[in-house]
Every structure is written in C-alpha cells, then in structure tokens.
Amino acid sequence: MRARYGVPLGITAVAAAGLLYSAGFEARSFRLRRVTVPVLPPGTRPLRVLQVSDIHMVSGQRKKQRWLRSLAGLRPDFVINTGDNLSDPEGVPEVLDALGPLMTFPGAYVFGSNDYYGPKLRNPARYLVEKARGHHGLNGNAPVVGALHNPWEDLRDGFDAAGWQNLTNTRGTLKIEGLEIELTGLDDPHIKRDRYARVAGGPSAAADFSMGVVHAPYLRSLDAFTADGYPLILAGHTHGGQLCIPFYGALVTNCDLDTDRVKGLSRHTAEGQTSYLHVSAGCGTNRYTPVRFACPPEATLLTLVGRE
C-alpha cells in the first residue's frame, strides 16, 4: 500500500504546502523595489517616481491598505498609478483610503480593464492557451458578454479631486520644482481602449522630460511610444507572471510582451529608436486567484537621473 499511494500522497502534500505558501505568505509579502533610470537631460537633478500598479483591492485587505499608506513615507516627487486598482465593486472607498497619503503628492493615473469590469472565475490554464494562440484580452478573443461593471467613475472622481491627472488617451503636465514633466497616457490596450492617434507626435519641445504611461504593455503601444521618441515608458498588468518557476521565471505575460521583460527595467526598440521600459509586477491579484509564487507583490521607486 505504501508503494502504491506514497508518491501521490507526497505530491499532494507538496502541492498543498505550495498553495498555502503562495496564498498565505507570498501574496501578502509586499516589497519595494528601487530602480535607477538614466533618462533625464544631463545636469538635471534626480527625480523620485513611485509607481503603484495592479492593486486589485478586495474589501477587507487591511495589510495591503496599511502597506500602501506607508509608501507615503518615501516622499516621492510624484506618483504614477498604472491601473487595475479594483477586484471588488465595493473596493473604491478602500482604494481611495489606502492611496490617500500618496495623493498628497503630485500624480497621474491610467485605468486597466479591472477598473472597468469585475473579475470572473476562470481556469488559469487559459492564460497558457491564449499565449499559444496569440490572443489576449479582447485582442483576438470574442467580446465579453455579461460582464460586471465596476464603479470606475467614483474612482476617477476621487483621483481627480485629489489633483491626480487622468491620462486616459491624453497628455498631462506636472511642475516639479521648476521642471516641466510631460506625461502621455493611453487607456488599456488589453480591452482595445487605447487610441494612440489622439496623443501621437512625440514629446513636446517645451517639456524638460516626457514619458509614456499605459496599463498593459502591448507591443503596439510600446512601439508607438518608442518610435515617437519617449525615453521612458511605465506599465503594469503582467503581475510579473504571478506564478513563476524558480530559476526559470514567468510562463505568461497576459499580453504579447515576451516573458523576459515580464517585470522590471528593460529596453524597447522600434523604428530605430530605443526607450527604457519599466513593467511593475503589481501588488495584488485577481480575487479568484489570490496566489503568487516566486513573484512577490511590489511597488517601485524609480530614481530618474541625468543621461551620461
């Protein structure tokens, strides 16, 4: 009997332990990453940019809320929120409360699909199938039917009231100690709401520095920003792969970006131009898959410094 059942029972025990770790510990093990990016004009003082992404707030997530509030202690020059704040229609007040201390700093935001629509229970293996087919979100898949709509307007109104700039297919400008920072944003490419033609043309000559902001790092958006000459692009959406294999990395990105760039700082090239790309692994998960493995939740403090 031991020979027949010992191995299956052992595998079950290891799987259960892995699930307990990924849901009970790692998904709540919040980290801050620090990255230095040489993109400012030479001689410009460094700028500290805090990127928060993919919060996926579910009502009652007190530890996540406390951690987000604590990030205000970093005193960034400005904050960029790259979307997917919600995973619960009742979560708007808790998102605004958790981000309240950060909204005392200049900031801007774009939305992701989960700000507009509530999550659905789905088989995680579908991400692998979609990767094999080259279909992600609404890009090649059938339109969503019967989706739960989140109260994104309340979230927008809260951010706007705090003075954060809405970058939905538009441009914004922040004044930071005499520097003019131009921000060009897109709505979420994952659900085909991006309209790059509305913001095309590249950085303004009047700006001291310009950057692109988008939720999902689809190649069409990255190509457009890069070809137009933006030196830095910030994105989220991927969750860093969420369930990764140690010493190997992510299996999927949930978009057409390659897994080598699923999170962190990398470069992107298009039409002879090169931009820095930073993809945040985010600090949350879909409420129906509240697990992370070899990919802890995070926010990132980017220090922008002068080019050599």
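The values are calculated or read from the model by the stated rules, or taken from the named source; none is laboratory data. Bear in mind the structure is a predicted one, so any value in this text is a computation, not a measurement. Positions of Cβ are generated from backbone atoms using ideal geometry, with glycine treated the same way; all protein chains shown enter the neighbour counts. These area figures cover heavy atoms from the full protein model, side chains too; ligands, DNA and RNA do not enter into them. Shrake-Rupley method; radii C 1.70, N 1.55, O 1.52, S 1.80 Å.
Scanning region 269-278 for residues that are open to solvent by 40 Å² or more (accessible area, probe 1.4 Å) and of a type in the set (G, A, S) gives a single hit, G272.
Please list, ordered by first then second residue, the pairs with beta carbon atoms under 6 Å, 6 or more apart or interchain, first in region 104-119 and under 19 Å from P143 (Cα atoms), second of a type in the set (K, R) and assigned to a loop (DSSP other than H, G, I, E, B). Going by the 6 Å Cβ cut-off, the qualifying pairs are P119/R287. Taking the criterion of being in contact with a Gly (Cβ under 9 Å, 6 or more places away or on another chain), among the hydrophobic types (A, V, I, L, M, F, W, C) and loosely packed, with under 15 Cβ neighbours inside 10 Å, the only residue of region 148-175 that qualifies is L148. Can you give me the number of residues within region 203-229 that are in a helix (DSSP H, G or I) and within 19 Å of N166 (Cβ to Cβ)? Counting residues in region 203-229 that are in a helix (DSSP H, G or I) and within 19 Å of N166 (Cβ to Cβ) gives 2. Kindly evaluate A200 against the criterion of being in a loop (DSSP other than H, G, I, E, B), of a type in the set (A, V, I, L, M) and more than 27 Å from N286 (Cβ to Cβ). Here the answer is yes, as A200 does meet what is asked. With respect to (1) over 30 Å from V92 (Cα atoms); (2) open to solvent by less than 10 Å² (accessible area, probe 1.4 Å); (3) of a type in the set (A, V, I, L, M, F, W, C), the lone exception for V214 is condition (1).
Residue-by-condition table, conditions (1) more than 15 Å from the chain's Cα centre (by Cα); (2) surrounded by 17 or more Cβ atoms within 10 Å (Cβ to Cβ); (3) closer than 21 Å to G137 by Cα; (4) touching a residue at least 40 places away in the same chain (Cβ under 8 Å):
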site	(1), (2), (3), (4)
C255	no, yes, yes, yes
V262	no, yes, yes, no
R267	yes, no, no, no
S280	no, yes, yes, yes
G284	no, yes, yes, yes
F293	yes, yes, no, yes
L302	no, yes, no, yes
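The set of residues in region 194-216 that are touching a residue at least 40 places away in the same chain (Cβ under 8 Å) and of a type in the set (K, R) is empty.
Looking across region 84-113 at every residue that is polar (S, T, N, Q) and over 23 Å from R171 (Cβ atoms), the one that is least open to solvent (accessible area, probe 1.4 Å) is identified as S87. Looking across region 185-211, the residues that are under 16 Å from the mean Cα position of the chain (by Cα) and open to solvent by less than 10 Å² (accessible area, probe 1.4 Å) come down to G185, L186, D187, D188, P189, M211. Picking from residues in region 35-83 that are touching a Ser or Thr at 6+ places or on another chain (Cβ under 9 Å), of a type outside the set (V, I, T) and surrounded by fewer than 19 Cβ atoms within 10 Å (Cβ to Cβ), the one that is farthest from L232 (Cα to Cα) is A72.
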